[in-house]
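Asks: Please find one structure pasted underneath; my questions will follow.
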Amino acid sequence: MTTLTAPRPTAPGLSRPSHVIADAITMLRRNLLHMVRYPGLSIFTIVGPVVILLLFVFVFGGTLGAGLPGVDPAGGREAYLAYVMPGIVVITIAGTAGGTATTVSMDMTEGITARFRTMAISRAAVLAGHVLGNTIQAIIAVALVLGVGLLIGFRPTAEPLEWLAAAGLITLIAFAVTWLAVGMGMQAKSVETASNLPLVLVLLPFLGSGFVPTDSMPAGLAWFAEYQPFTPIVEALRGLLLGTPLGWNAVLAVGWCVVIAVIGYAWSMVLYERKSV
């Protein structure tokens, strides 16, 4: 188990919130060390999206790309690579949620979290360490997956400011999804259950505009795809990276990320407090 810095003595009347940042950095260091020492989950979050990307582009891309509006059938595969890349980015971020839920559940079931409760560590910082660590992991995974995309022909048209906005949105998505994953990990009764719960987040881009236009789906599914959270997120990334019309997608994407983050944070803290009794 990773060695932690000894807890600070807390003077009477000292406000614990003044230590939250320092405690969060300590817990972040612990989670980053875990990521380095146990790289299996990190590797899987990169390999999985890369396999999906290669499968859809080189096996299905020619046919699916030819069906996109205004695309020359001869260039279907290249067009589909550009179309699907934002969806792959979102799947990469969603995939990291499984690792977060698993590590949180392991800490809960192995008694590590119970030990933290006896130490002079901010309760919010214990969970924030998981969130910050996974957010960094998700950003690294997205960078590597985008690198693979560039190697096989992905050519974004984004200007520097659009790249900066896309990076900010990716960070916000990762932050929001991770808070939700922390709640899933704390709610799960076992590590196995915790690793399976976030799979719904991986499936949502498939049931949105990540891989095909929503208007190509049956009516009921098209309605769900249009209004589920990941569709405006994918469309916002597509607009920033490829110059497609943004419309209200950027606003909706940020709004959904804020809602998911708030729900995940509130859920996680309620569970943490309940299990601390």
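Asks: Label region 181-268 by shape, choosing from rounded, prolate and oblate, from the square roots a ≥ b ≥ c of the eigenvalues of the Cα gyration tensor; if a/c is under 1.5 it is rounded, and otherwise prolate applies when a/b is larger than b/c, oblate when it is not.
Replies: Prolate.
Asks: Please list 258-270, 218-230 highest first by mean number of surrounding beta-carbon atoms within 10 Å per residue.
Replies: Ranked from most to least packed, the peptides come out as 258-270, 218-230.
Asks: Does region 19-276 come out rounded, prolate or oblate by the C-alpha gyration tensor, with a ≥ b ≥ c the root eigenvalues, rounded set by a/c under 1.5 and, if not, prolate when a/b is larger than b/c and oblate if not?
Replies: prolate
Asks: Please list 3J(HN,Hα) in residue order for region 267-272, calculated via the Karplus relation 6.51 cos²θ - 1.76 cosθ + 1.60 where θ = phi - 60°; whole Hz, with x for glycine and proline.
Replies: 4, 4, 5, 4, 5, 5
Asks: Determine the distance separating the Cα centre of region 210-277 from the Cα centre of region 141-163; give it in Å without decimals.
Replies: First find each Cα centre; the distance between them is then 21 Å.
Each value in this text was obtained by applying a stated rule to the coordinates, not by laboratory testing. Remember, it's a predicted structure, so these values are computed and weren't measured experimentally. All Cβ positions, even for glycine, are placed from backbone atoms using ideal geometry, and neighbour counts span all protein chains on display.
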